[in-house]
Amino acid sequence: MDLDERLDLIRSDRWIAFDRATIVLNRLTSLMEMPRQSRMPGLMVYGSSGIRQDHDR
């Protein structure tokens, strides 16, 4: 792999398939595939990012 290919790989987005994230993604996909209607259903997603920054203590 040459340098440009390695840099592209490092800079690319990645999906880490946590169980709950996969459940939410499947639910969002099903909502997007629903036929259009006047009041489309929604989904609120919330939670901790799980990212801890030591300088915030």
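The values are calculated or read from the model by the stated rules, or taken from the named source; none is laboratory data. Model, not experiment: these values are computed from the prediction. As a convention, Cβ positions derive from the backbone with ideal geometry for all residues, glycine included, and neighbour counts pool all protein chains shown. Side chains are part of the model used for accessible areas, which takes the heavy atoms of the whole protein and leaves out ligands, DNA and RNA. Shrake-Rupley method; radii C 1.70, N 1.55, O 1.52, S 1.80 Å.
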Computed on alpha carbon atoms, what radius of gyration and Dmax characterise the chain, expressed in Å? 18.0, 52
What is the angle, in °, between the Cα long axis of helix 19-32 and the longest principal axis of the Cα atoms in the chain? Nearest 10 is fine, range 0 to 90. 50 degrees
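For the chain, give the percent of accessible area contributed by carbon and sulfur heavy atoms, probe 1.4 Å, rounded to a whole number.
54 percent
With every protein chain left in place, what is the accessible area per residue of the chain in square angstrom, probe 1.4 Å?
108 Å²
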According to a simple spin-label model (label point 7 Å from Cα along Cα-to-Cβ), what is the distance in nm between Ile10 and Gln37? 5.0 nm
